[in-house]
Amino acid sequence: MAPRDPPPPTPTATPGPAEQPALPARAETVVIGGGVIGLAIAWNLARLGKSDIVILERSYLAAGASGRNGGGIRQQWSTELNIRLMQESVALVKRFTADLGINVWLRQGGYLFLARTDTERGFLEQNAALQQRCGVGTRVLTPAEANEIVPELDVSGFAAAAYNPSDGILFPWPFLWGYADGAVKLGARLHCFTDVTAIDRPPANDAAGDFTVHTSRGAIRAHRVINAAGAWSPEIARLVGVELPDRPVRHEILSTEPLKPFLRPMVSVLGTGLYFSQSMRGEIVGGVSIHGDRHTLAMGSRLKFLTTMARALCELVPQFGEVQVLRQWAGPYDVTVDGNPILGEPPGLPRFYLCCGFMGHGFMMAPVIGKYYGEWLAGGKPHEIFDKWTLARFASGQLAKETFIIG
Ligand SMILES: Cc1cc2nc3c(=O)[nH]c(=O)nc-3n(C[C@H](O)[C@H](O)[C@H](O)COP(=O)(O)OP(=O)(O)OC[C@H]3O[C@@H](n4cnc5c(N)ncnc54)[C@H](O)[C@@H]3O)c2cc1C
């Protein structure tokens, strides 16, 4: 009898809380947070030979924003830096299956932004011109042209649209599992259900000394620590006496019953923050801004979101009135005042690295941020993002605001 084929690779099966291996005494790099950002950095560091990494995740993989998002990836931004970074990120996503051996169900159906007012039309025109100069194929459309792309939209009351066909969506979980599996295969150690509770700075008399990271499952020493705890990053930073300005904001999202495929792009309405796409399984997945929310790490679902979202969806696509909502959930946006993340070492605390404040776009940025963080920490030249997106910029007031934000 012919030998059986080996089983196909499966995503990292996260052992339960009682089955976690003992923590090692020391690692060169400890990453706090098993979301897409921490895992992307870990994989990139490991592939560059720096695989003495321990990733500490308080819960299961994908427990935070990374397991709760809309999976959108776009190159329509208002600053050249973000446009160029996202062009590179999309290119990396297209290579993801080849690099990491898992299908992330990437579908480049475009992003279609709709503008109601002349001011919003001007915003789209100005940004489309910048995006085109960077090589992105964004076109500004009339409402009738937008209707050619999505005939089901009721475009009455809209002034214009912007469409880039190479934006798209992917399925969040395999993306996360791909990075986790890839990092573990290269030697990184992943410890879930391991809550970081305290961090000792290196001894004052030993500049090259280790941090000690205390967890619910023991302590581990580390040459460097990366705070990739997303909306929880201010809590982690406070453990070493650093105050971060990013704040958590609940963002809700829902999914409908599956429909016959009809919708190619992610559709988003400027002003209301409405966005929705159709997943590869046919569900409509999307969210809308609920204004006036206070900062919170609460992740419960609210009727207020369901009604606001249902109204916004049915107004734009009247046929959605017939569609059943199957589930709703929420996750934390990790919000900064200028819409950009916080990277690098805080003043006076070398080897403690920040990688947080990714708003509602950390998922799409993870490939390129992970790449540049990995290259820098493996000894390469730091990319300009590490000069621009420092913690110190908030005190100096030197903020280059990103205004193309959904939600
Ligand atoms: C509803 C919603 C829709 C979104 N849609 C999109 C989208 O379409 N496209 C896009 O690019 N982005 C989107 N985002 C944003 C994106 O999901 C985030 O920017 C990204 O996932 C952030 O990743 P992260 O690794 O920084 O954080 P997280 O995924 O939140 O990971 C942080 C991890 O740290 C862990 N942690 C916290 N405290 C501790 C501790 N003390 N010890 C150990 N571990 C700890 C948490 O459990 C968590 O798993 C959306 C977000 C939400 C909520």
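Readers should treat all values here as calculations from the given coordinates under stated rules, not as data from a laboratory. The structure presented is a predicted model; accordingly, all values stated were derived computationally and were not measured. Please note: Cβ atoms are built from the backbone with ideal geometry, for glycine as well, and neighbour counts cover all protein chains shown.
Applying the criteria of a DSSP loop state and at most 15 other Cβ atoms within 10 Å to the GluC sites (Glu not before Pro) of the range 231-301 yields GLU243. Going 7 Å from the Cα of LEU326 along its beta-carbon direction, which residues of the range 254-269 have the amide nitrogen within less than 11 Å of the resulting point? It comes to 255-259, nothing else. Contact order, relative form, for the range 138-270: 15 percent (alpha carbon pairs under 8 Å, 6 or more residues apart, mean separation divided by residue count). Applying a DSSP loop filter and a limit of 16 other Cβ atoms within 10 Å to the chymotrypsin sites (Phe, Trp or Tyr not before Pro) in the range 248-311 leaves PHE262.
Roughly how big is the chain's charge dipole about its Cα centre, with Cβ charges of +1 (Lys, Arg) and -1 (Asp, Glu), in debye to the nearest 20?
Values: 38 positive and 37 negative charges, 98 e Å.
So the magnitude is around 460 debye.
Just round it to a whole percent: the fraction of Cα-Cα distances in the range 21-114 exceeding 19 Å. It works out to 56 percent of all Cα pairs. Note: relative contact order over the range 53-180, using C-alpha pairs below 8 Å and six or more positions apart, is 38 percent.
Mind giving me the nanometre distance, one decimal, between the label points for HIS295 and LYS388, set 7 Å out from Cα along Cα→Cβ? With each label point 7 Å from Cα toward Cβ, the separation is 2.5 nm. In the range 204-349, Rg over Rh equals 1.12, where Rg is the alpha-carbon radius of gyration and Rh the Kirkwood radius from pairwise Cα distances. Modelled spin labels at LYS260 and LEU81, positioned 7 Å past Cα toward Cβ, are 4.8 nm from each other. Only Cα pairs under 8 Å and 6+ residues apart enter the sum, and on that basis the relative contact order of the chain stands at 23 percent. Ellipsoid fit via the Cα gyration tensor, the range 162-235: semi-axes of 33, 16, 13 Å, each the root of five times an eigenvalue, largest first.
Diffusion of the chain by Stokes-Einstein, at 25 °C in a medium of 0.890 mPa s and with Rh set to the Kirkwood radius over alpha-carbon pairs, works out to 111 µm²/s. When the alpha-carbon atoms of the range 265-407 are used, the pair Rg, Dmax equals 18.6, 58 angstrom. Once the Cα-Cα distance is subtracted from the 0.36 nm per residue extended length, the ALA25 to GLN132 segment shows a gain of 33.4 nm. Using the alpha-carbon positions of the range 345-407, Rg (one decimal) and Dmax (whole number) come out as 12.7, 37 Å. Two decimals is fine: what is log10 I(q)/I(0) at q = 0.11, 0.14 Å⁻¹ for the range 64-131, from a Debye sum with one equal scatterer on every Cα and no solvent? Per q value, in the given order, log10 I(q)/I(0) is -0.36, -0.57. Just how many pairs of Lys in the chain have C-alpha atoms closer than 17 Å, counting pairs that are eight or more places apart or on different chains? Count of close lysine pairs: 7. Here the chain carries DSSP beta bridges of which approximately 70% are antiparallel, counting only pairs with both residues inside. Between GLU235 and GLU148, the distance separating the two model label sites (each 7 Å from Cα on the Cα→Cβ line) works out to 5.1 nm.
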